[in-house]
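In what follows, a structure is listed as structure tokens, so that the remarks can point back to it.
Read-outs throughout are calculated quantities, based only on the coordinates presented, and are distinct from any laboratory measurement. Being a predicted model, the structure only gives us computed values, none of them experimental. Heads up, the Cβs are rebuilt from the backbone with ideal geometry, glycines too, and the neighbour counts pull from every protein chain shown.
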Amino acid sequence: MISARVAAKVWPGQNPLGKSFSTGAMVGKATVVGLVKDVHATTLDREPTLTVYVPYWHRGLGSGALVIRTASDPASIIPAIRKRIRELDSSIPAPEAITMQRLVSESLSRRYFQVQLSDVFACAALLLALIGIYGVVAYYAAQRRTEIAVRLALGATRTHILRLLLTAGFRPVIIGVFVGLVGSMIAARFLQSLLFGVRPNDPLTLTVIVALLGATALCACVLPARHAVRIDPARALRYE
């Protein structure tokens with residue numbers, strides 16, 4: 001049996017079933033009797049390997065692995081498997097057993113650490129950005145305290161003042177998000193090795209991130225803006 005990548009490489013666009021090929025001196029000429037999906041035999045950050053499956057009696061192996069699929073909890077059937085192996089041949093030592101979930105988790109442990117470290121830096125950057133946005137909007141509102149008081153005294157509504165402050169605060173946010181999207185698309189190719197099953201420039205992921213940044217930035221803008229529109233115009237003018 002051969003993997004899909006072997007079929008596409010040797011017989012592109014053809015049905016490989018029934019075709020013959022040479023596998024080398026150890027097996028010799030072989031006939032394709034089945035086609036199976038590709039598997040990652042090494043690591044997930046590499047392309048699936050070109051794989052040919054042959055009967056074990058055609059090629060002696062010094063060691064091997066027994067792969068068992070079960071609908072129940074894999075860990076619960078390990079004792080039964082070991083017992084059955086001892087019944088077949090008591091001289092065979094108890095094999096080491098590991099679930100596929102654990103195997104995949106251990107193979108990705110380094111990637112998990114790298115991603116978690118990136119998450120920490122990303123959260124720190126987001127927190128600094130939110131503090132910066134809050135500080136800028138609060139400083140902008142404080143600098144225009146007199147103007148806000150005059151506008152309110154002349155009949156401007158608090159909704160109008162709130163919109164004015166939010167516009168001023170959101171302008172750099174929009175510019176930053178645009179620059180960040182362009183930068184993320186450029187940097188995505190360097191982070192591609194950390195991703196599995198996700199495109200670097202996945203539209204859904206980018207949309208969710210932009211929405212999250214926009215929502216948090218809006219909160220950072222609203223708090224100082226609401227505080228600014230609550231000032232008493234008479235008190236603010238007397239203070240100035």
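For this structure, a couple of remarks:
- Loop-exposed chymotrypsin sites (Phe, Trp or Tyr not before Pro) per DSSP, neighbour cap 13 Cβ within 10 angstrom, longest uninterrupted part of the chain: 54-195
- Selection among L218, T159, L204 by position relative to the dipole of the range 108-239 gives T159 as farthest towards the positive end (Cβ unit charges, Cα centre).
- Overall, the range 108-239 carries a charge dipole of about 360 debye about its Cα centre when +1 sits on the Cβ of Lys and Arg and -1 on the Cβ of Asp and Glu, all other atoms neutral.
- Highest-fluctuation residue, P16, P55, P172 considered, GNM on the chain with Cα pairs under 10 Å: P55
- Highest-fluctuation residue, G135, G180, G13 considered, GNM on the chain with Cα pairs under 10 Å: G13
- Charge dipole (debye, nearest 20) of the chain; +1 at Cβ of Lys and Arg, -1 at Cβ of Asp and Glu: 380
- Helix-only [θ]222 nm of the chain, DSSP H runs n ≥ 4, -39500 (n - 2.57) each, per residue, nearest 500: -19500 deg cm²/dmol
- Q143 paired with L117, simple spin-label distance in nm, labels 7 Å along Cα-to-beta-carbon: 3.9
- Sequence ranges 83-94, 210-221, ranked by mean other-Cβ count within 10 angstrom, highest first: 210-221, 83-94
- In summary, the helical segments of the chain meeting the span-like criteria, namely a full DSSP H run, a Cα extent along the axis of 24 angstrom or more and a mean Kyte-Doolittle hydropathy of at least -0.5, are 109-143, 158-191, 203-229.
- Charge tally in the Cβ shell below 13 Å around R158, where Lys, Arg are +1 and Asp, Glu are -1, R158 excluded: +3
- Sequence-separation-based contact order of the chain, relative, with Cα cut under 8 Å and 6+ spacing, percent: 19
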